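Below: one structure, written as structure tokens.
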């Protein structure tokens, strides 16, 4: 079997699984969703603390559009994970597939291009004894992490859209 057939078979199996488990939440998805909601909520609050306390982390380039893109990107992950916790798997998948992941990827891409951050101040909202945990993150490391996040979100957006359309087509047959 060549690679293309192998990929098609794997994709077909995934479509079948999604059709069978249309709105069924596997047990392993709940803990993952709890972790994602907690992580992205804390990250959002962490950025808000920087903004409210004017720590210097956000540069003057951090305007209203950048706020929408940064906080909106984080909110998409919180929303999809919270929908899973509320037993709304189909709605969560639709939100991801029909714009959530694409918005997150484009939002991160926008703030990457503008880069309204100064990571020298990133640890400033933490107590002194915890700052060592984040002092290693420089602007360059942050840029690399952002590029990886952009690529991951855009690849996941394309894949989830194709998968979701295939699942909907299979459900309608």
**Fill in**
Restricted to the stretch 52-65 and to residues being surrounded by 14 or more Cβ atoms within 10 Å (Cβ to Cβ) and either without any contact (Cβ under 8 Å) to a residue 12 or more places away in the chain or in contact with a helix residue (DSSP H, G or I) (Cβ under 7 Å, 6 or more places away or on another chain) (or both), the residue farthest from residue 124 (Cα to Cα) is 58
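Within the stretch 109-126, count every residue that is in contact (Cβ under 8 Å) with a residue 40 or more places away in the chain and closer than 16 Å to residue 144 by Cβ.
Step one: of the stretch 109-126, the residues in contact (Cβ under 8 Å) with a residue 40 or more places away in the chain are 109-111, 114-122, 124-125.
Right, trim to closer than 16 Å to residue 144 by Cβ and you get 109, 111, 115, 117, 119, 122.
Matching residues across the stretch 109-126 total 6.
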**Message:** Here is a list: 110, 77. Which entry is in contact with a helix residue (DSSP H, G or I) (Cβ under 6 Å, 6 or more places away or on another chain) and over 27 Å from residue 31 (Cβ atoms)?
**Reply:** 110
**Item:** The lone exception for residue 123 - which of (1) in a helix (DSSP H, G or I); (2) surrounded by 15 or more Cβ atoms within 10 Å (Cβ to Cβ) it fails
**Value:** (1)
**Prompt:** in contact (Cβ under 8 Å) with a residue 40 or more places away in the chain and touching a strand residue (DSSP E or B) at 6+ places or on another chain (Cβ under 9 Å) - does that describe any residue in the stretch 87-108?
**Reply:** no
**Message:** Looking at the structure I just gave you, is residue 155 surrounded by 13 or more Cβ atoms within 10 Å (Cβ to Cβ) and either touching a strand residue (DSSP E or B) at 6+ places or on another chain (Cβ under 6 Å) or within 22 Å of residue 15 (Cβ to Cβ) (or both)?
**Reply:** no
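Which residues, taken from the stretch 18-42, are over 18 Å from residue 85 (Cβ atoms) and surrounded by 12 or more Cβ atoms within 10 Å (Cβ to Cβ)?
Correct list: 18, 19.
So if I check each of 171, 143, which one is modelled with pLDDT of 95 or more, in a helix (DSSP H, G or I), more than 18 Å from residue 55 (Cα to Cα) and in contact with a helix residue (DSSP H, G or I) (Cβ under 9 Å, 6 or more places away or on another chain)?
Only one candidate qualifies: 143.
Quickly run through the stretch 130-140 and pick out the residues that are loosely packed, with under 12 Cβ neighbours inside 10 Å and assigned to a helix (DSSP H, G or I).
Those that are loosely packed, with under 12 Cβ neighbours inside 10 Å and assigned to a helix (DSSP H, G or I): 130, 132, 133, 140.
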**Request:** Hand me the list of helices (runs of 4 or more DSSP H) wholly inside the stretch 1-103 holding 2 or more residues that are within 16 Å of the chain's Cα centre (by Cα) and closer than 20 Å to residue 156 by Cβ.
**Result:** 29-53, 64-85, 89-95
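The values are calculated or read from the model by the stated rules, or taken from the named source; none is laboratory data. Being a predicted model, the structure only gives us computed values, none of them experimental. All Cβ positions, glycine included, derive from the backbone under ideal geometry; neighbour counts span all protein chains shown.
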